[in-house]
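Below is one structure; the comments refer to it alone.
No value in this document is a laboratory result; all are computed from the given coordinates. For clarity, every value in this text was computed on a predicted model and none was experimentally measured. Cβ sites come from the backbone with ideal geometry, for glycine too, and all protein chains shown count toward neighbours.
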Amino acid sequence: MWDTRKLGLEWLVVIGCGFCWIVGAMFYFYMPLAGMTNPPMEWGYPRTVEGFIHAFTRGQYEKTNPSDVFHDPLRFITQLGMLGEGIVEEFNWVYMFLALVPFFFYKRMQRREQAWLQGLVVMYLCLAVLLIVLLNPSSDRQSEKLNRVFFTASHVMISLCIGYGLALFGGLLVTQYQRFRAFGVYGGAVAAAISVYALTVVFQTVKESLLSNTALFSLEPSFDPLVRFTALFSLGLAAAVIVVLITARRRAPNYP
C-alpha cells in the first residue's frame, strides 16, 4: 500500500501546470489597466473587450503563413536545404559527422540516456524544422540572411551532440584502443581532407575565382577571423588526432 501511494495523483501535476499558465497569462490584464490611465498607455485599445481580444490574440502582427508541406513539398525540401546550409556555415562538415556519432550508440545506451537523446531530437525539430515551416522563408539570399538569426537556439542541440560524439569516440579509444585505432586514423584523414578543402576556399582572396564559384558544402571566401579560425582549428584537430594515433601503435597515450 505504501509503495502505491503516489498512483492516481498525476492529475495534481496537470492542475499545477494549468495554474502556472493562468498566473502567467494574468499579466495580459495589465494592458487594459494601462489603457485606462491618464494619459493612456495602450496598444490596440485593450481597455475595450474587442481591443483586448485583438491584443491577446496578437492581431497587431502579421498572421503566420506556414509552408504547405504536403501540396508543395519541393519548397519544403528547399527550405530544409537552407537549414542544412546554415548549420554548415555555423559549424562545418567535420563537426557534423561528429554530431551523428551518438545516434550510432543509441541501442547501447541505457533508458535515461536514450530519453535524453530523444529529448534533444524533439527540441531540435521544434526549434529548427517547425520554425522554418512557420517562417516559410523564400530561397533568395536576403531572406536567408534575415531569418538566419532565428535558428541560433537550435544550434545548441547540435553542439551538445558534437560534444557527445567526441566523448563517446574518446571513450572507445581508451577502452578498446586496438579495435578502434584504425577508425580513428581513417576518420582523421577524411576530416583533414575536408578541412584542407574548406581552408583553401575560405582563404581565397577573390570571390569570383574558379574555386570559389564551384565550391562544395556552401563554402565561400571569408575575411571573418572567426570563420578562418574555425577552418584552421578543424585542420589542426584532425592533424593532431592522426599524429597521436599513428605514434601510439599499441596503447592509448597517457598524457599527464
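Summary of computed values
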item: Residue 179 paired with residue 64, simple spin-label distance in nm, labels 7 Å along Cα-to-beta-carbon; result: 4.6
item: Pair residue 123, residue 145: separation of 7 Å Cα→Cβ label points (nm); result: 3.1
item: Distance between the stretch 10-66 and the stretch 164-203 - C-alpha centres, whole angstrom; result: 52
item: Tilt relative to the chain, helix 111-124 - C-alpha long axis, 0 to 90 degrees, to 10; result: 70
item: For Cα Rg over 2.2 N^0.38 Å, calculated from these coordinates, the label among (1) 1.42; (2) 1.11; (3) 2.54; result: (1)
item: Within the stretch 47-140: Cβ-based charge dipole about Cα centre, in debye rounded to nearest 20 (Lys, Arg +1; Asp, Glu -1); result: 580
item: FRET E, pair residue 15, residue 38, Förster distance 35 Å, beta-carbon r, rounded to 0.05; result: 0.30
item: Degrees, to the nearest 10: 155-175 long Cα axis against longest axis of the chain; result: 40
item: Sparse-neighbour loop sites [GluC sites (Glu not before Pro); the stretch 37-67; at most 15 other C-beta within 10 Å; DSSP]; result: 62
item: In degrees, nearest ten, helix 73-90 long axis to first principal axis of the chain (Cα); result: 60
item: Expected 222 nm ellipticity per residue - DSSP helices of 4 or more, -39500 (n - 2.57), all of the chain, to 500; result: -20000 deg cm²/dmol
item: Cut-off of 10 Å, at most 13 other beta carbons, DSSP loop: longest stretch of the chain lacking such chymotrypsin sites (Phe, Trp or Tyr not before Pro); result: 71-222
item: Mean separation of Cα contacts under 8 Å, 6 or more apart, over the residue count of the chain: relative contact order %; result: 16
item: Mean separation of Cα contacts under 8 Å (6+ apart) over length of the stretch 102-164, as relative contact order %; result: 41
item: Within the chain: Cβ-based charge dipole about Cα centre, in debye rounded to nearest 20 (Lys, Arg +1; Asp, Glu -1); result: 1300
